[in-house]
Amino acid sequence: MFFRTESFQQFVRTYPIVTTLVSIHLFLWVIIDLFQLNIGMQIYQWGAGVNLMIDNGEYWRLVTPIVLHAGLMHALFNSFSLVLFGPALEQMLGKFKFIVAYFFAGIVGNLFTYVMDPTAFYPYVGASGAIYGLFGIYLFMTIFRKHLIDQANGQIILTIFIIGMIMSFLRTNINIYAHIFGFIGGFAIAPVVLRNARPFNIWSNRSVHQGGGVNFNPNRWKGNRWRNKQRLNKVVWILLGALVLLGLFNRLF
C-alpha cells in the first residue's frame, strides 16, 4: 500500500494528482528559494499565511500556504510524505474526492491557526496540515472501515502518526495547530470521501496501463507472501528511520 513499485512513468500516469502537487511544491521552491526570482518572491509574499492579513480580508491565505514551503528540506520532506501516503488514497477515493479531502484538511489546519491568534503577523507555509489530514483519513479507516486497510498498514500509519506528532512538539518553528487540526479535518471528512471506496489494489493500476489483462499467476502471492512481507517490513523501517532523521536534521540545521 505504501511500498511503491511503479516506474516513474507509471507513477505519473497512475497518480496524476499527487504528481501535480509534488511538481508544484518543487517548482515554487525553484523560483522562490533557488533562483529567488522576483515573481517567486511576489508569490510567496502574496500567498504565505499571515493571520493579521487574513483578519483584514485576505482569505485566500487560508489556501495558498498549502503549496508553499520554507526551504528545500521543508519542500522535500512534505513531498516525500505525499509520495508515500498519497497514491493509495488517490486510487481509493478517486481524483476529485482526493483533492477535496486534501485541501479541506489543509484549509481546516490554516483556519484554526488563524482562530488561535487572529492578530499574529508571522508567516506560515507548508503542506503539513493537508498531509496530516491524509493520516486522519487512514486512521478513520483503521478504526471504522477495517475492510479498506489491513492491520499491518494500519499499524504503520499509527506509528508514523505518533512519531510525526512527537516531532511536531519537539521541533521549533512548527505550526502545531495546522498539524493537529489538519489531522482532525481529515478524520472529519473521512466518512464522506470514503463512501463507496474500495481497498487499494496495485494490480488494477497495472492492468490499466498494460492495455488489458495482466499476465501473472494469481496464486503467485501465496507462495511469496512471507518473503514480500519481510521486504515490506524492512522498507517500512528504513522509511521510518529516514523520516526521523530528516526531522532531526531539519530541527538541528
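In summary, Gly154 fulfils each of the numbered conditions (1) at negative phi; (2) open to solvent by 20 Å² or more (accessible area, probe 1.4 Å) with the single exception of condition (2). Filtered by the rule that a residue be of a type outside the set (D, E, K, R) and either open to solvent by less than 20 Å² (accessible area, probe 1.4 Å) or without any contact (Cβ under 8 Å) to a residue 60 or more places away in the chain (or both), the stretch 54-69 gives Ile54, Asn56, Gly57, Tyr59, Trp60, Leu62, Val63, Thr64, Pro65, Ile66, Leu68, His69. Looking across Tyr102, Tyr132, one residue alone is open to solvent by less than 10 Å² (accessible area, probe 1.4 Å), closer than 17 Å to Pro191 by Cα, part of a helix (DSSP H, G or I) and of a type in the set (Phe, Trp, Tyr). It is Tyr102. Among all residues of the stretch 158-169, there is none that is touching a strand residue (DSSP E or B) at 6+ places or on another chain (Cβ under 8 Å) and farther than 23 Å from Val22 by Cβ.
Scanning the stretch 108-129 for residues that are aliphatic (A, V, I, L, M) and surrounded by 22 or more Cβ atoms within 10 Å (Cβ to Cβ) yields Val108, Val125, Ala127. When the test is whether a residue is under 30 Å from Arg195 (Cβ atoms), buried (at least 19 other Cβ atoms within 10 Å of the Cβ) and not hydroxyl-bearing (Ser, Thr, Tyr), Leu93 passes it.
Reported count of residues in the stretch 27-46, each being surrounded by fewer than 16 Cβ atoms within 10 Å (Cβ to Cβ), under 19 Å from the mean Cα position of the chain (by Cα) and either touching a residue at least 40 places away in the same chain (Cβ under 8 Å) or at positive phi (or both), is 0.
The values are calculated or read from the model by the stated rules, or taken from the named source; none is laboratory data. Everything numeric here is computed off the predicted structure, so don't read it as measured data. Cβ sites come from the backbone with ideal geometry, for glycine too, and all protein chains shown count toward neighbours. Protein only, heavy atoms only, side chains kept; ligands, DNA and RNA dropped before computing areas. Shrake-Rupley method; radii C 1.70, N 1.55, O 1.52, S 1.80 Å.
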